[in-house]
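Novice: Starting off with a structure, shown below.
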Amino acid sequence: MYGWRLVGVFAFSFFALVELGDLVLEFWPGYNGPGAASELAGLSNNQQIIRLLLLSMFAGGIFAASLATVISLFRRGRTARYTSVAAGVLYIVYGLFQIASGLFWIAANQTVLIAIGALYLVFGPLAIWLGRQATHYRPEF
């Protein structure tokens, strides 16, 4: 394995680990005691749990699509093109959600959420482009 395929394996492994870290270290502990986080954000407990549920769904989808892309790149499958598009689209939607929640929903740490959303908006097209580069057919001699 070499070239863009190797870069794709490393990048999508990074994406999967980042989202798994978000799920395990940030979102799931928030379900047990949303009180402090909801007070900091200026939300009720129910609103915080709904927000955590949406973020968990986005992170879980990105994790699954990134992991499927890594497996497909190892197996030299063509499905990596589609799973990378799924991860990229989920990153774009996740970024738009973070920006919208930073602008209209959360009372504190607005600039942090907007910056994270902008970063996810960069990761989305990068994931789509990288998936296309890694699966581009090149004859091997």
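Novice: Specify whether the C-alpha gyration tensor of the stretch 71-141 places it in the rounded, prolate or oblate class, a ≥ b ≥ c being the square roots of the eigenvalues: rounded for a/c under 1.5, otherwise prolate if a/b is larger than b/c and oblate if not. Don't jump to the answer; show the numbers that get you there.
Specialist: Numbers: a/c = 4.51, a/b = 3.54, b/c = 1.28.
It is prolate, given that a/c is not under 1.5 and a/b is the larger ratio.
Novice: Same structure, new question: Please state the relative contact order of the stretch 1-102 as a whole percent: Cα pairs under 8 Å, 6+ residues apart?
Specialist: Working: 81 pairs, mean separation 31.5, N = 102.
That works out to 31 percent.
Novice: Largest first, how would 105, 129 line up by accessible area (1.4 Å probe)?
Specialist: Details: 105 80, 129 115 Å².
If we order 105, 129 from most to least accessible, we get 129, 105.
Novice: Using amide H atoms built in the peptide plane, which far-off residues or other-chain residues are under 5 Å from residue 77 H to H?
Specialist: none
Novice: Expressed as an acute angle from 0 to 90° and rounded to the nearest 10, what is the orientation of the C-alpha long axis of helix 45-74 relative to the principal long axis of the chain?
Specialist: 10
Novice: Determine the order of 44, 56 by accessible area, beginning with the largest, at a probe radius of 1.4 Å. Please list the in-between numbers first.
Specialist: Details: 44 55, 56 15 Å².
In descending accessible area the options line up as 44, 56.
Novice: Another question, then. May I ask you to rank 106, 71 by accessible area, largest first, using a 1.4 Å probe over the protein chains only? Let's see the in-between values first.
Specialist: Numbers: 106 10, 71 90 Å².
The residues order as 71, 106, largest area first.
Novice: I'd like the accessible area for residue 39, computed on protein heavy atoms only with a 1.4 Å probe and all protein chains in place. Round to 10 Å², please.
Specialist: 150
Novice: Using alpha carbon coordinates only, what is the Rg to Rh ratio of the stretch 1-61, with Rh defined as the Kirkwood radius? Walk me through the numbers before you get to the answer.
Specialist: Working: Rg = 15.7 Å, Rh = 13.0 Å.
Computed over Cα atoms, the ratio is 1.20.
Novice: Moving on to the next point. If exposed means no more than 12 neighbouring beta carbons inside 10 Å and the site is in a DSSP loop, what's the longest run of the chain without any exposed trypsin sites (Lys or Arg not before Pro)?
Specialist: Numbers: sites that count: 75, 76, 78.
In the chain, the maximal stretch lacking such sites is 1-74.
Novice: How many Å² of accessible area per residue for the chain, probe 1.4 Å?
Specialist: On the way: 7870 Å² over 141 residues.
Normalised by residue count, the accessible surface of the chain is 56 Å².
Novice: Of the heavy-atom accessible surface of the chain (probe 1.4 angstrom), what whole percent is carbon and sulfur? Intermediate values should be presented prior to the final figure.
Specialist: Numbers: 5550 of 7870 Å².
C and S fraction of accessible area: 71 percent.
Novice: Also, quick follow-up: For every helix of n ≥ 4 consecutive DSSP H residues, a contribution of -39,500 (n - 2.57) applies; sum these over the chain, divide by its total residues, and give [θ] at 222 nm rounded to the nearest 500 deg cm²/dmol. If you can, show how the numbers build up before the last one.
Specialist: On the way: 6 runs with 107 residues, N = 141.
After summing the helix terms and dividing by the residues of the chain, the value is -25500 deg cm²/dmol.
Novice: Give me P(r) over the chain, computed from all C-alpha to C-alpha distances, binned every 5 Å, as integer percentages.
Specialist: Over the chain, the share of Cα pairs per 5 Å bin runs 2, 11, 18, 20, 16, 11, 8, 6, 4, 2, 1, 0, 0 percent.
The values are calculated or read from the model by the stated rules, or taken from the named source; none is laboratory data. Everything numeric here is computed off the predicted structure, so don't read it as measured data. Counting neighbours? That spans all protein chains shown, and the Cβs are built from the backbone with ideal geometry, glycine included. Protein only, heavy atoms only, side chains kept; ligands, DNA and RNA dropped before computing areas. Shrake-Rupley method; radii C 1.70, N 1.55, O 1.52, S 1.80 Å.
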